[in-house]
Structure formats: C-alpha cells, structure tokens
Amino acid sequence: MDLFLFAIGYAMLTGFFIFILLFGESPVFRGTPIASAHWFLTQGLCNGGEYLVARVFGARGSQALDRAYSACCERPNPFLQVAYLAMLAVGLWIYWTNLFALLPNPWVGEEHILTGTAAVAVCLAFFVAACASDPGTIRASDPPSVLAAWHVLYPLDGHVFPAKQCATCGFERPARSKHCGVCGKCVGRHDHHCAWINNCVGLKNIRLFLAFLVVNLAMCSYGALLSALILGGEMERRGVFEVKLINYRTGRVVPMWKVPTKVMEWLVFYHPLGVAMFLFMCIATLLMAAFLSYQLYLFSVGRTQYEMFKWRDLHHQMIEQAEADAEEEARRQEETARREADPAAADASASAPADAAPSGRRSLSRGSGRGSGGVWTLWGLLGGRKRRLNVEVPPLPRNIYHKGFAANLWEVLMPELHLDRARKQALAEARAAKGSQKQEGEAAGVAGKGQGGGSKDRGSKKAR
Ligand SMILES: [Zn+2]
Ligand SMILES: [Zn+2]
C-alpha cells in the first residue's frame, strides 16, 4: 500500500511538473502561483545559477558559462543525440545482461528477446530518419514558385505574423515560418528546434518527429511492462510467492508478496539494475506520453510550439494594454472626483508626478523580482505579479491557420500534397496577374494613343 501511494504521488508530482513547464506561461495563469512556479523553473533557477557563478568565479566564470550556453543551445551540436544513442545502448545492454538472461520464465517467453531488440532497432531507424530529414527549409535560391507556394499555403494574418523580411536569408518570410538561430535557416511551419535530433521540426518532417515520439512511447511502455513481467516471473520461478513471513510477537503469518516493502527489498537485492530499468522506463513513458499529448493538443488548437509563444505574447500585450487603459481611465475618474470635491487641493496634487499618487495600484514589472522601494521581495523573486485591475480584455483575433484537428493533422501528414496544390494556385494567380497587367497595359496604350500619348501606363504593382 505504501508503495502504491508512493507511485501515485510520484506520478502526480511528475504530471504537475510537466503541466507547469508546458502551460505555466499561459495568460490563464497570469499572476497566479503556477505562473510564478513556471518562471522560477525556467528562469529563476538559471538566474540564480548565473548569479552564484558570477559571485564565486567572477567575470571569467560568467564568460565560461556564456560560452558553454552558446555551444550547447545556440549552435548545432550532437550532445543530446549522443545522449539518446547512449541511453539506447546502455538500456539494451542492461536488458540483455540482467533481464533477457532470465528468460524464459513462467510469465514471459523467449520471443520477447527478439521483439524487445526489434523495438530498439525501430526507434533507432526513426531517430536516424528524423535527424537526417528536411524540416521544410526555405532558401533564397529556391525557384520563385516555391516561395510563392509557401505564401499561398500560409498567408500573413497581420497579428501573429505581420509582413517581415528575413534579414539573413533575404526574402519576405512566409507566415508560420521562422529563421532558426541554431540551424541558421528559415523553416516553413516551424514547430521547434529539437536538440534531441539536432534538427528543426517543421512542416515537412513533423510527421517523422511524431512517428519518432510514438515508437519511443511504444518502446518505453513495452519495456516497462516487459521488465515488470520478467521480474514477476522470476519471483515465481524462485518460489517467492510461496514464502511466508511470521511475526514472532503476534504469531501472525502473511505471504511475503503481500508486503510491498519486502518484495521491493528482495527485487532490489537480487535484481537492482532490472528494477532501475523498470523505473526509468516508467518515467520515460510518462514524459513521452505527456509530450505526445501536448503535440496532439497543438493540432487541436491549430498552433505550433513556436506559435504558442507568439499567441501568448500577443495575449499578454492585449491584457497589458487593457490594464493600462483601465488604469488610465480609473486615474482620470479619481482626478475628476477629487477636483469636484476640493478644487484647490486637486490642483496642488495634479502638479506632483503620477507615480507618487497613493493609488495602491503600482505593480511589479513581470519577473523583475523588484518590489516597491527597490526591495527584493520573496514574491517578486518568485516571479509573482499583482493583477492591477479586473479588466475586460478583447478576444484574441481568429487563428486563420486553424482548420480543425483532422485537417491540421492531414496537412502535416501530407505536406507535399498541400505544397504542390499551393504551388499550382500560386502559378495560376501569377498567370492571372500577368494577364490582367497585359490587358491594363494594352488598354492604357489605346487610351494613350487616343489622348495623344498624354497618359502613362500605371500597371498594377501587385506582389505575387
Ligand atoms: Zn532566414
Ligand atoms: Zn533548428
């Protein structure tokens, strides 16, 4: 029972931790302890670490930390790829030497040695494919119809994606694309840069990335189940289920398998690596399931991981604007009321700076950690933020890229089909634009002749 409670508590804690990391920045949790916990985990700990390094090792330490950060996070590097391969290799070695060696047993047949190894091989194949895949790179050297196809597939929405030039690649960036600072290239329907595959995840390879997640989830859950069954079968083979424990004081006799701590002791003593592998596979399964669920959630709202940040920033901006407007309005009303009550005093206070007014609504700037009077308050350090006023925030603009869960999924499952269709549409549009330009030119030419060449051709400058 103790073990069961521990497992439940552990799973809940892990789930909560993942939830905070994934959704803590959502405007829904603005000003709540969840947002503070997210800030603390994603920035507060890093800031604290940086501060400690600077205090202990001085400027040199800070520079070394910056260089290490840049090498790890801002340039392509195979660190996590190697870590993934090492995990696969070490995991398979532990299974072969500690778990498969116990087969066959009364619960599991020998064929699982083959299927277990095959599962690892499948994961490895998808890993290599995902690493080598093209995420949907957009190059300045691409034929104009290719860039036009991206623009047709994802037109600008003017909110999250206003017109923008990529300074590095030198073209007008299609909506939903992003210049990845690590890979140094523009990627269409950019989802995120995945350090595990050392590659971007975009329109053209997200299906491979999803498949990679699915096969890893399958392998981890299969591995967890298999290790549990192998250890259970081993307990049966060794007669552990027949062992009885006697309490000499009370004379009570209980089967050992009913006492989880004793079972755990037996397992950890005889099969420590097997137990460790089981726990590792359980954690990996939880993480994989959480990440895959998050990806599926993104399809249900028609956003990429990158767009989640963009929409959140837009929402924060709108909230801040609404709060500032409401605060200004409240201040004006207060001023009017005071002026009406006591015109002489109101004139005197109006000349004082607005910040000095004891309105009680001065707030901490988000994440600055600095409370009023320059004092570092605990709440401020934790990223806490007071809500200024209860204001009505206008609804977010419509997400024009969201076409429903099935259509969003279909788009990334068949990117070639959608891009090809967009390319044909772009060509047709270009042809139509050329035709109308020619007609206008001819009409202007005829009119020009009629008027003795007085007017000039004002051909349309329609882009694309
Ligand atoms: Zn670019
Ligand atoms: Zn990248």
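Below are the figures for this structure:
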{"quantity": "Qualifying helices (runs of 4 or more DSSP H) (wholly inside the range 231-349; at least 1 residues being closer than 30 Å to T97 by Cα)", "calculated": "260-270, 272-301"}
{"quantity": "Residues of the range 169-189 satisfying the condition of being within 13 Å of ligand 2 (Cβ to nearest atom) and either in a strand (DSSP E or B) or surrounded by fewer than 24 Cβ atoms within 10 Å (Cβ to Cβ) (or both)", "calculated": "K178, H179, C180, G181, V182, C183, G184, K185, C186, V187"}
{"quantity": "Residue in the range 99-117 that is within 30 Å of R238 (Cα to Cα), out of contact with any Leu (no Cβ under 6 Å at 6 or more places or on another chain), among the hydroxyl-bearing types (S, T, Y) and at pLDDT 90 or above present", "calculated": "yes"}
{"quantity": "A175 being modelled with pLDDT under 95 and within 16 Å of ligand 1 (Cβ to nearest atom)", "calculated": "no"}
{"quantity": "Any hit, the range 261-273, residues being closer than 24 Å to L217 by Cα and either touching a Gly at 6+ places or on another chain (Cβ under 9 Å) or not polar (S, T, N, Q) (or both)", "calculated": "yes"}
{"quantity": "Residue in the range 49-56 that is closer than 23 Å to L292 by Cα, touching a Gly at 6+ places or on another chain (Cβ under 7 Å) and modelled with pLDDT of 85 or more present", "calculated": "no"}
{"quantity": "Filter pass, K164 being surrounded by fewer than 21 Cβ atoms within 10 Å (Cβ to Cβ) and closer than 22 Å to P76 by Cα", "calculated": "no"}
{"quantity": "Identity of the residue in the range 102-127, assigned to a loop (DSSP other than H, G, I, E, B) and touching a residue at least 12 places away in the same chain (Cβ under 8 Å), that ends up nearest to the chain's Cα centre (by Cα)", "calculated": "V108"}
{"quantity": "Neighbours by Cβ (under 8 Å, 6+ apart or cross-chain): first from the range 63-89, aromatic (F, W, Y); second assigned to a helix (DSSP H, G or I) and surrounded by 11 or more Cβ atoms within 10 Å (Cβ to Cβ)", "calculated": "F79/C72; Y84/F127"}
{"quantity": "Every residue from the range 138-171 that is away from ligand 1 (no atom under 16 Å from the Cβ), in contact (Cβ under 8 Å) with a residue 24 or more places away in the chain and more than 17 Å from W311 (Cα to Cα)", "calculated": "S145, A148, A149, V152, L153"}
{"quantity": "Qualifying positions in the range 191-210 - within 17 Å of L296 (Cα to Cα) and either crowded, with 24+ Cβ neighbours inside 10 Å or away from ligand 2 (no atom under 14 Å from the Cβ) (or both)", "calculated": "D191, V201, G202, L203, N205, I206, R207, L208, F209, L210"}
{"quantity": "Residue among G445, G453, G384, G441 that alone is surrounded by 13 or more Cβ atoms within 10 Å (Cβ to Cβ), modelled with pLDDT under 50 and more than 26 Å from K204 (Cα to Cα)", "calculated": "G384"}
{"quantity": "Output for the range 175-223, where each listed residue is touching a Leu at 6+ places or on another chain (Cβ under 8 Å), within 30 Å of V90 (Cα to Cα) and hydrophobic (A, V, I, L, M, F, W, C)", "calculated": "A195, W196, L210, L213, V214, L217"}
{"quantity": "Residue within the range 132-142 that is part of a helix (DSSP H, G or I) and at pLDDT 95 or above present", "calculated": "yes"}
{"quantity": "Matching option when the condition is hydroxyl-bearing (S, T, Y) and either within 30 Å of I94 (Cβ to Cβ) or in contact (Cβ under 8 Å) with a residue 12 or more places away in the chain (or both), among T304, T250", "calculated": "T304"}
{"quantity": "Among the residues listed as A119, A148, the single one being surrounded by 14 or more Cβ atoms within 10 Å (Cβ to Cβ) and within 14 Å of E172 (Cα to Cα)", "calculated": "A148"}
{"quantity": "Residue in the range 57-83 that is nearest to the chain's Cα centre (by Cα), counting only those that are modelled with pLDDT under 85 and surrounded by 12 or more Cβ atoms within 10 Å (Cβ to Cβ)", "calculated": "C73"}
{"quantity": "Residue count for the range 180-193, restricted to those that are free of Cβ contacts under 8 Å to residues at least 60 places away in the same chain and either farther than 19 Å from N77 by Cβ or within 17 Å of the chain's Cα centre (by Cα) (or both)", "calculated": "5"}
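The values are calculated or read from the model by the stated rules, or taken from the named source; none is laboratory data. Predicted, not measured: the structure shown is a model, and the values here were computed from it. Neighbour counts run over all protein chains shown; Cβ positions are idealised from the backbone, glycine included.
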